[in-house]
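Contents: one structure, followed by commentary.
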Amino acid sequence: MNEITFEKALQDLEGIIKDLESGTIPLEEAINKYTDAMNLVKICQEKLDKATKQVNKILNENNELEDFQIEDKDEEKCQN
């Protein structure tokens with residue numbers, strides 16, 4: 001089974017939200033859609049967390065992955 005993409009999960013989530021906001025869905029169906037929405041939120045959050053970790057890695061001079069850290073210029077000024 002193919003894993004759902006972030007974009008597809010987000011699109012499905014937006015559709016569910018639109019349906020729920022319409023107020024025309026019977027209670028049982030609304031509960032099922034809400035449950036589906038919470039599962040999609042979890043999938044999106046996991047994918048965002050994974051992407052964040054990947055983006056926070058950069059190649060150093062030896063072509064090894066290391067965590068990316070931004071130097072705080074204000075902190076450097078205080079140390080000088």
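None of the figures in this text is laboratory data; all of them are computed from the coordinates on show. Please read all numbers here as calculations on a predicted model, not as lab measurements. Because the Cβ atoms are built from the backbone with ideal geometry, glycine has one as well, and the counts that use them run over all protein chains shown.
Within the stretch 1-42, being of a type in the set (Ser, Thr, Tyr) and in a helix (DSSP H, G or I) holds for 22, 34, 35. If you filter the stretch 1-57 down to residues that are surrounded by 11 or more Cβ atoms within 10 Å (Cβ to Cβ) and among the small types (Gly, Ala, Ser), you find that the one that is farthest from residue 70 (Cα to Cα) is 30.
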